[in-house]
Number of protein chains: 2
Amino acid sequence: MADYAPMPATMMHMPMTVQMIMRHGASVFPDSVVADFDGDRVTHTRYGEIARNAVRLANLLRDLGVRLGDRVGTFSWNNREHQEAYLAIPAMGAIMHTINVRLSTEQIAFVINHAEDRVLIVDAQLFEVLAPALPLLDTVQHLLVVGAGAEPVSGAVHSHDYHKAVSQQPDDYPWPTLDENAAAAICYTSGTTGNPKGVVYSHKTTYLHALASRATDTFGICEADRLLLLPPMFHANSWGMPYSGWFSGSDLIMPGPHVQPDKLIRLIGSERPTFSAMVPTVLGDLLRVPEEELDMRCFRLLVSGGSAVPPAMIEAVRERWGVPLLQGWGMTETSPMCVLSHPPRELEGQAESQWRAKSGRPVPGIEVRAIDDSGEPVPCDGETVGELQLRGPWVTGAYHGIDASDSFTADGWLRTGDVGHIDSKYFVQLTDRTKDVIKSGGEWISSVDLENALSAHPDVTEAAVIAVPDERWQERPLAIVVSHRPDLGAEELRSFLRERVARFWIPERWVFVDALEKTSVGKIDKKRLRERRDAGEFEVLRVS
Amino acid sequence: MADYAPMPATMMHMPMTVQMIMRHGASVFPDSVVADFDGDRVTHTRYGEIARNAVRLANLLRDLGVRLGDRVGTFSWNNREHQEAYLAIPAMGAIMHTINVRLSTEQIAFVINHAEDRVLIVDAQLFEVLAPALPLLDTVQHLLVVGAGAEPVSGAVHSHDYHKAVSQQPDDYPWPTLDENAAAAICYTSGTTGNPKGVVYSHKTTYLHALASRATDTFGICEADRLLLLPPMFHANSWGMPYSGWFSGSDLIMPGPHVQPDKLIRLIGSERPTFSAMVPTVLGDLLRVPEEELDMRCFRLLVSGGSAVPPAMIEAVRERWGVPLLQGWGMTETSPMCVLSHPPRELEGQAESQWRAKSGRPVPGIEVRAIDDSGEPVPCDGETVGELQLRGPWVTGAYHGIDASDSFTADGWLRTGDVGHIDSKYFVQLTDRTKDVIKSGGEWISSVDLENALSAHPDVTEAAVIAVPDERWQERPLAIVVSHRPDLGAEELRSFLRERVARFWIPERWVFVDALEKTSVGKIDKKRLRERRDAGEFEVLRVS
């Protein structure tokens, strides 16, 4: 039998880059707008002007010495200028580093030095937060300050007025030809242990994530949308909306720092967004606003993630606002879109909240498996739990500049640190973080399920469950509860749980607090809760 | 200023392949179905079983000597087994060659020899069409015949019963690790001049096209869909539906050869599809079915392309069926999704047919430009015409095994051979094929616009306009009309046109015929019309 020569594909090699995203929005959707909120009024800027400013910003950065592969940091809320940076920095071949403004001064200095940022774009209103870190910086040479009111900086770092400097630049730029595998942006995870770890997105993965976010079965981002960017643009690229939205011609609604319920009421009322994503805490805040003050019927879809969304909250969103709530499981490492709780079609409408309360199914492009202690995949029976592992074209395979091989398997899957099971329809259900697992007398207790069950009580505002050592059972759950009813007690909650969870899951140890500490991205900070437990700071009530 | 080392992206390299598409459908949507129509009854097969058969088919092909990079041809209508081939052949690292069964015997032999197919999968009911080509084949060693009734083949080619041979194979396969840039499938264009030219899709471009087809603003392919695959699977992969649908868990409705209106009435009535794509000819056939016999309200969207869709047809679809009709401009070379006529959002609902009647805007990922005779882009003013050129990650950059450099520009864009203009919203309007352009006294007359205007007449079934030489004006339009009203005459049509087109466009030369010849993919065959014109076969009526 003759051998055949391999047949090459004939397709053109057109690199998938942020340049393409930028060009498409600018040429096809010049009249779509970016809406900026100052807490009181909204200013609209057309894509055409944003694109022109991005060209000028690229020229300015080049004047300041930024070359291919250099890092430019942003220290900004969600606003128009941040969108300009999202386009200009990767398109000119530099790398955008979105800095989490909620980190500590030491962490801020750490990530800027670790990324070796050369220029920082800083909101004037965040200047005070950044200032204490300035003396600790090794590589930064220029600050571009957006807005008035920042102190001039002396010493080695030169400070410029962003708007003034940008406006003096020319309106064209010799965009370089880029490799689609080149770095486009870096985002550090807000690790609850150790130093933040950098995930470096490439042009290709940024492009793919934008393309995938446009699918009807994922976020369905489209031209008719007005996206409310509640997740910070320094947190997994605000779930990719600055790119998926721009690529699709959606209006982008930028709240700046004004994400408190009273401000959002005003912004939602005037801008009528159709889509947003938020952590459950923000969703809970909005649900506590009296119905007559907040009209949410403009939304076609809301997505919530970052931590498990209690089923009661999903019900409340549907009943109160008539809006479907999608649960999303994702992370900085996954760009972040990964698993979404769209109900399977045969159950659309029926028992929907039951499905939406699961973490969801992997979106096309993402693969998930659950691995047991012996390294084998567990059966997809909706019961057997294992460590959840991921792979896909927009998932990270490493961290910047550190050895983190224990975060990946030998065959190249990302170890998520989450534990869960998968059912026959490939619905993934997270039951715990690896380190949150409670093993009581040889049986696993899901802290997530216990938290959900507690949150379903009408008088519980928030709840967290962590493990405590126990002589007899090795570990037992400790329930930490925030309630707005002063007389709510452990006995009442134990009765409430009795109908909802296995008997051996019901905690004997209870703590009632005024608030739960949150991480810089709004998740309940279990690391801090465990520290307080170890320091004996909790007043634990024991019942049985 | 210090030099910075380039920062590599940290993202995992997960090749985008047909394997991923196959795995996703099989694991997440095992209960979605492929519906097979035999002209009378429909058989449903679950994705789970299709995926198992694909594994067995891969084993069978390996047994028959198929190795990485080898070509396997399909000579089939749209059916379940064709879907199995779509998955198995590329996933095993071989290359699927979908053969246009409407080619001439010589062309069939040409494409099979040119692609060097080693094995052919053939529908028994198409065996008679293939048989005369068999003695002309150089490389084919095995035939897999789907269904009963085919003659056994003697000589060097071995013939096997597809179902019997597949069923004896094992249920697992050692899928190889594939390069995403490797060839996945080859499709020959039905060139109206010269030999068919092969476009070789890679795994990556196939994957990207499937991902892009899921966007709300493109085809919006999703799990809730039931896709009616009217475009043949040998024509630009049935517009990608076997992949975008499988990736999304849509049901796939396979009409086999039964695409005549009376058969489609039955199929649409029982299967209730939500989405389909078709050439204007098929759409016209369906529009002529009496309303009470055909219920099209199950469709959420219809797409038509292949040739220009007359505005009157778009109106009729909306009025009669209440279904939005999208016009699509694409080609084998573009996988084929490229330009779609979604109205811009500010005009959604208003004057919609006016927008939908334009060819449309490039979908995110595709870039279009119009180039004038001096090689410069024309302004986006909606008037100035130029040659339309394309690029994008799922556009071809060459043809298989031939030098076709005149089809591409020096800077890498595909020259489409279409002429048109682009407006300020980036709506592209095709006015002609390069070779169809009519230049009359130095002014261009659009054959497409004239055809649309003629088609708007209630008694015109179809119309084509071609150029004829003219002593005074160099060229003038010749109108060739099919009408169902025997007394319809040129004078009436000229009056009708007077309100619709510029006066100098109105043809003086008219031909009335019973039918217009079509190409193998259902387009009006202008090449044939020109031949008949040159041979003096038309009885031309002159009026002025």
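No lab work stands behind these numbers, since they all come straight from the coordinates. A quick note: this is a predicted structure, and the numbers were derived from the prediction, not measured. Backbone-built Cβ (ideal geometry, glycine too); neighbour counts: all protein chains shown.
Would you kindly state the longest site-free stretch of chain B, with sites defined as GluC sites (Glu not before Pro) in a DSSP loop (not H, G, I, E, B) surrounded by at most 15 other Cβ atoms within 10 Å? Value returned for the longest uninterrupted segment is B:1-347. Between the exposed loop cleavage positions of chain B, defined as trypsin sites (Lys or Arg not before Pro) in a non-H, G, I, E, B DSSP state with at most 13 neighbouring beta-carbon atoms within 10 angstrom, the longest gap is B:42-287. Bridge orientation summary for chain A: considering DSSP beta bridges with both residues in this region, about 55 percent are antiparallel. With its label point put 7 Å out from Cα toward Cβ, B:Glu517 sits 8.2 nm from the same residue's point in the other copies, in order from shortest. Other protein chain C-beta atoms within 10 Å of residue C-beta, averaged over A:216-229: 5.
Over all other residues within a Cβ to Cβ distance under 12 Å of A:Lys204, the charged ones net out to -2, with Lys and Arg as +1 and Asp and Glu as -1. Take B:His158, push a point 7 Å out from Cα through the beta-carbon direction, and compare it with the same point in every other copy: 7.6 nm, smallest first.
Separation of segment B:117-144 from segment A:267-330 is 59 Å, based on Cα centroids.
Looking at the protein assembly as shown, the DSSP beta bridges with both ends there are about 55 percent antiparallel. Both the radius of gyration and Dmax for segment A:362-434 are 12.3, 39 Å, in that order, over alpha-carbon atoms. Electrostatic tally near B:His114: other residues with Cβ closer than 13 Å to its Cβ, Lys and Arg +1, Asp and Glu -1, net -2. A simple spin-label model places the labels of B:Asp63 and B:Arg288 4.8 nm from each other, with each point 7 Å out along Cα-to-Cβ.
Ordered shortest first, which distances in nm separate the 7 Å Cα→C-beta label point of B:Arg415 from those of the other copies? Nearest to farthest, the other copies are at 5.7 nm. Legend: calculated FRET efficiency, A:Asp534 to A:Leu136, from the Cβ-Cβ distance at R0 = 30 Å, rounded to 0.05, equals 0.50.
Counting only DSSP beta bridges whose two residues both lie in segment A:18-204, roughly 35 percent are antiparallel.
Neighbours of B:Thr416 by Cβ distance under 14 Å: Lys/Arg scored +1, Asp/Glu scored -1, total -1. As a check on your grasp of the helix formula, calculate [θ] at 222 nm for chain A: sum -39500 (n - 2.57) over DSSP H runs of n ≥ 4, divide by the residue count, round to the nearest 500. About -7500 deg cm²/dmol. For the peptide B:195-207, the mean number of other protein chain Cβ atoms found within 10 angstrom of a residue's Cβ is 3.
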